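The values are calculated or read from the model by the stated rules, or taken from the named source; none is laboratory data. Note that the coordinates shown come from a computational prediction; the quantities given were computed from them, not determined experimentally. Here the Cβ positions follow ideal geometry from the backbone for every residue, glycine too, while neighbour counts run over all protein chains shown. These accessible areas exclude ligands, DNA and RNA; they are computed on the full protein's heavy atoms, side chains included. Shrake-Rupley method; radii C 1.70, N 1.55, O 1.52, S 1.80 Å.
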Amino acid sequence: MDGRRWDIDERGHGVGSGEAFSPNIQELAGAIRDAGWVTEEPEAHLLPRLQAACAASDSRWAIASWTIDDGVFVVDLTWDGPWRTWDIVRADVFALLGSIAEHTTHVRQRTFEDRVGFEMATGTLSEETAFAPHGHLIRLWVRPT
């Protein structure tokens, strides 16, 4: 690694830290550690909204399968756009995740040979709801059609 952050980076470092948003991330990290934070039945709360988004006339998505793995709602999807054009895939994934996102959300992309994974923690924190803080863990596995 030569220190560049992208192919034409000549600077090799940023202009500051991300400390301004660190409290937001730490607050979510603290909330999800609670043993009762993950909401039950994501197939009842999240799946219908994902199905509706996938069924939209301009959607490139199809749900191949879904399961719940140790509290994580895992959805296998196919996408019929230009594969490995990550900015387009990511934009479509964020639009899809937007259909189920709550007040506070963190998303992580992981790229593999045959698929790309998006892991999302989304929920509401104590000051965002009159109810108890709660949320969901979602893993989308995206494969080309």
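The table below lists the values:
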quantity	calculated
Only listed residue being under 21 Å from LEU28 (Cβ atoms), touching a Lys or Arg at 6+ places or on another chain (Cβ under 8 Å) and either part of a strand (DSSP E or B) or touching a residue at least 40 places away in the same chain (Cβ under 8 Å) (or both), chosen from GLY117, GLY123	GLY117
Residue in the stretch 21-29 that is outside any strand (DSSP E or B), touching a residue at least 12 places away in the same chain (Cβ under 8 Å) and loosely packed, with under 13 Cβ neighbours inside 10 Å present	yes
Qualifying residues in the stretch 72-89 (those that are open to solvent by 30 Å² or more (accessible area, probe 1.4 Å) and in contact (Cβ under 8 Å) with a residue 24 or more places away in the chain) - the one nearest to MET120 (Cα to Cα)	ASP76
Positions within the stretch 30-61 being within 15 Å of SER99 (Cβ to Cβ), of a type in the set (A, V, I, L, M) and not in a helix (DSSP H, G or I), in sequence order	LEU46, ALA56
Check on ASP92, open to solvent by 70 Å² or more (accessible area, probe 1.4 Å), assigned to a helix (DSSP H, G or I) and among the acidic types (Asp, Glu)	no
Criterion (of a type in the set (Ser, Thr, Tyr), open to solvent by 50 Å² or more (accessible area, probe 1.4 Å) and under 16 Å from the mean Cα position of the chain (by Cα)) met by exactly one of THR145, THR122, THR105	THR105
